[in-house]
Amino acid sequence: MKIFYSIFIISLFLFSCNTENKSRIKVELNSGWNFKSTNDSIGLKAEVPGVIHLDLFNNNIIPDPFDSTNEQQLQWIGEQNWEYRCTFDMYNKDIYKNTDLVFDGLDTYAEVYLNDSLILSANNMYRQWRIDIKSILKLEDNNLRIVFNAPEKVIDSLAAQLQYILPQKRGFARKAPYHFGWDWGAKFLSSGIWKRVYLDSWNNAKINNVHILQKEIDSLNANFTANLDLSSDVNGEFSIEIINSKTLEIYSKQTLELTKGKHYYSVDFNIKDPKLWWCNGMGEAHLYNLEFRLIKDKSNIDIQNETIGIRSIELVQEDDDIGKSFFFRLNGKEVFIKGANFVPADNFLPRVSKQTYKALIDEAVWANFNMLRVWGGGIYESDDFYELCDKNGIMVWQDFMFACNMYPGDSAFMKNVENEAKDNIIRLRNHASLALWCGNNEVDNGWKDWGWQKQLGYSKEDSIELWSNYIALFEDLLPNLVAKYDEQHSYHPSSPTYGWGHNENFTHGDSHYWGVWWGHEPFDVFNTKVGRFMSEYGFQSIPNIKSIKEYTSKHELSISSPSMAAHQKHPTGYQTIDEYLKREYKPTENFEDYIYLSQLTQAEGITTAIEAHRRNKPHCMGTLYWQFNDAWPVSSWSAIDYYGRRKALHYFVKEAYKPTIISCEEKNDSLYVYAISEIEPPQSLKLNIVHYGFDNKTLLTDSIEFVVSNTQNTMVYKLSNDIKSSESFLYFELNNGATSLDEGFYYFQKPKEMPLRKVGFDINIEKKGSIYIINLQANALAKNVELITNLEGKLSENYFDMLPNKTKKIAFIPSEKGSLTINIKTLNNLYR
C-alpha cells in the first residue's frame, strides 16, 4: 500500500539578512506531526508534545485507557514500534550561523532522522538531546522522522547481555519506572515526543546556563556569584548585565573578551536590603526575578531569566546520644517538615498542565505542607512544578529516578546516567524550593532486606558485582555530580537510611515505616515506631464515588467487580483495607458506605502517625506520608485522587498539620495531653477541657493556661484512666485568648464500640459572592460528618466531629454553576 502522510509545513522565516544583529531564536516544532505503527502505511495526526496512547485515543483508535479494564486490552501498544514525522521549511537558514535541534524529552528508545540522515539514537527519557543540524538543513522540505522502539524489546536485549537478572528488568531502562506498573499504578509503556521539540538558532554567542551561588548574607546585603556557561563562535568583546526584571535595578555590568569555543565566566553581584525566602508557615516565599543579558555592540544577543530565593537550606545529619539526626535547617532555623510523597500526576505526562500542577500545589499549601518529596520511581517534574513550589514556599526533596531495584554498572549505562543527572541538576539547582538531592528510593533497603539474593539465585560473584554497581552509582557518581554542579545542596544516598526491620530505623537518619499495612500491625504502633525523620508510611483507601463513576459503569459498582479489581494494583489491597476497617468499624454491605469507611480508616490511621511524629519533636523532625496524589484513577494510598477530589485523609491532614495543635496519648494508665506548636515566639495559650456523655450531658469541665514554644512539645494536662468510660468522650479547645487555634475529640473506644445516637441536623445555606456558607447544627454528637455536594468544588472542612447544639460554619467554593444541595452522611446514622 502506498504510504500516505497528511503533510503540514512549518515555515521559519526572518526578513532581515543582517547576521551580525540577529539574536538567538527558538522556534517550536509542535505542529504538523503525523504518526503510525512501523507496520502500517497510513499516517494519522499527532499532538506534540504527546505520547502514543494519547494520539491513538485522540484519533478514536482506542477507548479511554483508564476506563474499566481497558488497561489489560491495550498492552499491545507498548509492544509495537511507532514512527512520528513532520516536514518544515527553514527559509532563515542562512541568517544564523548555528542551529541545533533540541528535544527536551524523548520517551525513550528513539532513532531520529533528518533528511534521511540518522542524527540521534536516544535511550533516556530524562535527558535533553541537542543536535547540531546546520549542515543538514535545507531551505525547504526538511523531513524529520523519529522511530520509537518498543521498550521491553530493547530491555530484553540488554538483559540478555548479563549472566544474572535484575530484581525488575525495568532497571536497564532510563524510562520512568512507574510506567511499568506499581502497586498503585497501571502499566502503560508509552512512547513519544513527551516534551518540547524546537530549533535553537544563534549568532556570535549564547548563554548555555547560569549557576547562582549564594555567598554572605546579612540584613543589609546578600552577595552572590553567578557562574555563566557561554558559547561563542567569534572572537570579540561582549558584556554581561544582571538586572532585576521587575524593578529594572542593575546588579552588575561587566565586559568580557570571548574567543571561539566554550567559556565559563563568573560575575559577582549584590542585592541590598534582601528579603529572605521562607517555606510555607514560616514567612513569605519572597522571590527575585533576575535577567542575565549577553550584549554585543549595545544589542542584547541572548537573555536568560532565573528566579531565585535568598535562603540557606541544609540537611543536618549529626551523631548524637540517640543515634544520628536528620533534619532541615532553613535560614539558620530548624524546621519540622510536614508534607507527603509526590508521584507523577498522570500516566500520560504531556497532559499534565501547569493548571494541573497549580491545583495540586494549592492543595499542599491549603493542607499546611512545607515539603513534597519527588519520589524516585517517577520523573524529574517539569519547570512548572518547581516554579509553583518556589512561589508557594513548598520545599522539594528531590530523588534521582531510581527505585526498588538494582542497576547495571557498565560504562554505557553509567555515562547515560551521568548525562541525565547533569542535565537535571543544572536545570533545577537555582530553584529556591530545592532542599535535597537523594540518590534513590529503597534500593539500599531492598538489597539488604528484601531477599533478592536468595530469590534470584545470585552467586557470590553476582552479589559483589551488583553491590559494586550500587556503590559506583549512588556513593560515587551521583554525589560527585551534585558536588560539582550544585555545591550548595545536600546529597543523601538512599531513602530510607535503614529498613523498617532494623532498630536503627528509629534512631538513625530517615525512616520508611511499613509495619502498618505491609506488616498488618495495628495503627497504635505508630505511637511508638517513631524515627528521626519519617519519609514514608501510608495506608490505602477507595476514591470517592463520583470518581469511581468516571471509570466504572453503574453495573460494576462493587468491590468485587472486574473494573474495581483492575483499579486496585496491590495484590492484597482490598483485603488489607477490609481487615483494618473491620478492626475499627462495623462492616457494611452498602458500597458507598464502604467507601466512606475505607477513607475514615485511612484518615484515622495516618493522622495517628502524624500526631505521634509531631509529639516526638525534636527526636523526630519530619513527616512525609505516602502518598499525596495519583497518576491514574485507582484505590491507593493517596489523599487527592486522580481527578483532584479530596479524600477524608486530606481534610484530616490539614488539621494535623496546623501550626498549633492538641494531641493526646494514652500510656502508663493515664491520658497525656500535649500542646504542639511551630510558631515563634512562645505563645501564651488556654486549653478548655470538657468531659461529655454520649447522652449530651456535661460530666466535667476544666481549663489550664500555659506557654508553649516551637522548640519542644509541652505536656500540658494529664488525666487518670479512672475517667475512661464507654459512655463518654473528651472535648478539647485551644485558644490564644482571641482566636481558637484547634479543637479535638478523644474517645475511649473504637468507633464500632461507641454508643452513638441517631443525629439530626439543622442546615442553612447562604451565598456570599461566589462562596456558599453552610451553617450546620446537630442535636447530638455527630461523628465524622461528611457533606456531599451536588456541585463540584472545595469544602473548607469535611468528615469532622461536632458537638450538639453548636453552629458550625463551613465554606464551599463551587467550580461549576448551579444551585447547591447537600446530603449528609455520619457514622451515627450509617447503620440505622
Check: Given the conditions (1) over 23 Å from Thr108 (Cα atoms); (2) free of Cβ contacts under 8 Å to residues at least 40 places away in the same chain, which single one is not true for Trp437?
Finding: (2)
Notebook entry, point to check: If you check every pair at least six apart or on different chains, which have Cβ atoms under 7 Å apart with a residue in segment 788-802 that is among the polar types (S, T, N, Q) first and a residue that is open to solvent by 60 Å² or more (accessible area, probe 1.4 Å) second?
Noted result: Asn790/Thr821
Margin query: Please determine whether any residue of segment 768-790 is of a type in the set (Gly, Ala, Ser) and closer than 30 Å to Ser684 by Cα.
Written below: no
Notebook entry, point to check: Mind checking which residues of segment 347-359 are buried (at least 20 other Cβ atoms within 10 Å of the Cβ) and under 28 Å from Ala609 (Cβ atoms)?
Noted result: Tyr357
Checklist line | Phe413 open to solvent by 10 Å² or more (accessible area, probe 1.4 Å) and either hydrophobic (A, V, I, L, M, F, W, C) or without any contact (Cβ under 8 Å) to a residue 60 or more places away in the chain (or both) | finding: yes
Item checked: One residue from Glu257, Glu314, Glu237 being part of a strand (DSSP E or B), open to solvent by 60 Å² or more (accessible area, probe 1.4 Å) and closer than 30 Å to Tyr657 by Cα -> Glu314
Check: Given the conditions (1) among the hydrophobic types (A, V, I, L, M, F, W, C); (2) over 26 Å from Glu334 (Cα atoms); (3) not in a loop (DSSP other than H, G, I, E, B), and given that Phe526 satisfies all but one, which numbered condition is not satisfied?
Finding: (2)
Item checked: Evaluation of Asn784 against (1) under 22 Å from Asp695 (Cβ atoms); (2) open to solvent by 20 Å² or more (accessible area, probe 1.4 Å); (3) within 29 Å of the chain's Cα centre (by Cα) (one fails), failing number -> (2)
Next item on the list: Starting from segment 416-428, keep only residues that are over 22 Å from Gly171 (Cβ atoms), then list their pairs with residues that are part of a helix (DSSP H, G or I) and modelled with pLDDT of 95 or more whose Cβ atoms are within a distance under 8 Å, requiring at least 6 positions of separation or different chains.
Entry: Ile426/Tyr485; Arg427/Asp383; Leu428/Tyr386
Next item on the list: Could you grab me the full set of residues in segment 640-658 that are open to solvent by less than 30 Å² (accessible area, probe 1.4 Å) and of a type in the set (Lys, Arg)?
Entry: Arg646, Lys647
Notebook entry, point to check: Which is out of contact with any Cys (no Cβ under 7 Å at 6 or more places or on another chain) and closer than 30 Å to Phe66 by Cβ, of Ser703, Ser638, Ser663, Ser684?
Noted result: Ser638
Notebook entry, point to check: Can you name every residue in segment 195-216 that is open to solvent by less than 20 Å² (accessible area, probe 1.4 Å) and in a loop (DSSP other than H, G, I, E, B)?
Noted result: Asn203, Asn204
Item checked: Count - residues of segment 659-671 that are within 31 Å of the chain's Cα centre (by Cα) and open to solvent by 50 Å² or more (accessible area, probe 1.4 Å) -> 1
Notebook entry, point to check: Just to be sure, is Ile361 aliphatic (A, V, I, L, M) and more than 29 Å from Leu228 (Cα to Cα)?
Noted result: yes
Next item on the list: Considering every residue within segment 240-252, establish whether at least one is exposed (fewer than 15 other Cβ atoms within 10 Å of the Cβ) and in contact with a Pro (Cβ under 9 Å, 6 or more places away or on another chain).
Entry: no
Check: Tell me, which strands (runs of 3 or more DSSP E) wholly within segment 672-780 include 1 or more residues that are under 29 Å from Met621 (Cα atoms), without any contact (Cβ under 8 Å) to a residue 24 or more places away in the chain and open to solvent by less than 60 Å² (accessible area, probe 1.4 Å)?
Finding: 698-708, 740-747
Next item on the list: Mind counting the residues in segment 285-305 that are exposed (fewer than 15 other Cβ atoms within 10 Å of the Cβ) and in contact (Cβ under 8 Å) with a residue 24 or more places away in the chain?
Entry: 5
Note to self: Considering only residues that are small (Gly, Ala, Ser) and either at pLDDT below 95 or assigned to a strand (DSSP E or B) (or both), which ones fall in segment 287-311?
What the structure shows: Ser299
Note to self: Checking the structure you have, find out if any residue of segment 321-339 is within 26 Å of Val48 (Cβ to Cβ), in a strand (DSSP E or B) and open to solvent by less than 10 Å² (accessible area, probe 1.4 Å).
What the structure shows: no
Next item on the list: Mind telling me which of the residues Leu144, Leu139, Leu166 ends up being buried (at least 18 other Cβ atoms within 10 Å of the Cβ), in a loop (DSSP other than H, G, I, E, B) and not small (Gly, Ala, Ser)?
Entry: Leu166
Margin query: Residue under question is Ile308, and the condition is that it be β-branched (Val, Ile, Thr) and open to solvent by 30 Å² or more (accessible area, probe 1.4 Å); does it hold?
Written below: no
Next item on the list: For segment 710-733, name all the residues that are in contact with a Ser or Thr (Cβ under 7 Å, 6 or more places away or on another chain), of a type outside the set (D, E, K, R) and over 22 Å from Asp524 (Cβ atoms).
Entry: Asn710
Notebook entry, point to check: Which of the following residues is closer than 23 Å to Pro350 by Cα, among the β-branched types (Val, Ile, Thr), at pLDDT 95 or above and touching a strand residue (DSSP E or B) at 6+ places or on another chain (Cβ under 9 Å): Ile426, Ile379, Ile394?
Noted result: Ile426
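Just to be sure before I move on: is Asn405 open to solvent by less than 20 Å² (accessible area, probe 1.4 Å), under 27 Å from Leu162 (Cα atoms) and either touching a Lys or Arg at 6+ places or on another chain (Cβ under 8 Å) or of a type in the set (D, E, K, R) (or both) in the structure I sent? Steps first, answer last, please.
Working: open to solvent by less than 20 Å² (accessible area, probe 1.4 Å): yes; under 27 Å from Leu162 (Cα atoms): yes; either touching a Lys or Arg at 6+ places or on another chain (Cβ under 8 Å) or of a type in the set (D, E, K, R) (or both): yes.
Criteria met by Asn405.
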Next item on the list: Search segment 515-559 for residues being touching a residue at least 60 places away in the same chain (Cβ under 8 Å) and acidic (Asp, Glu), and hand back the single one that is nearest to Glu584 (Cα to Cα).
Entry: Asp524
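The values are calculated or read from the model by the stated rules, or taken from the named source; none is laboratory data. Computed from a predicted model, the values in this text were never measured in an experiment. Heads up, the Cβs are rebuilt from the backbone with ideal geometry, glycines too, and the neighbour counts pull from every protein chain shown. When the accessible area is computed, the model is the full protein with side chains, heavy atoms only, and any ligands, DNA or RNA have been set aside. Shrake-Rupley method; radii C 1.70, N 1.55, O 1.52, S 1.80 Å.
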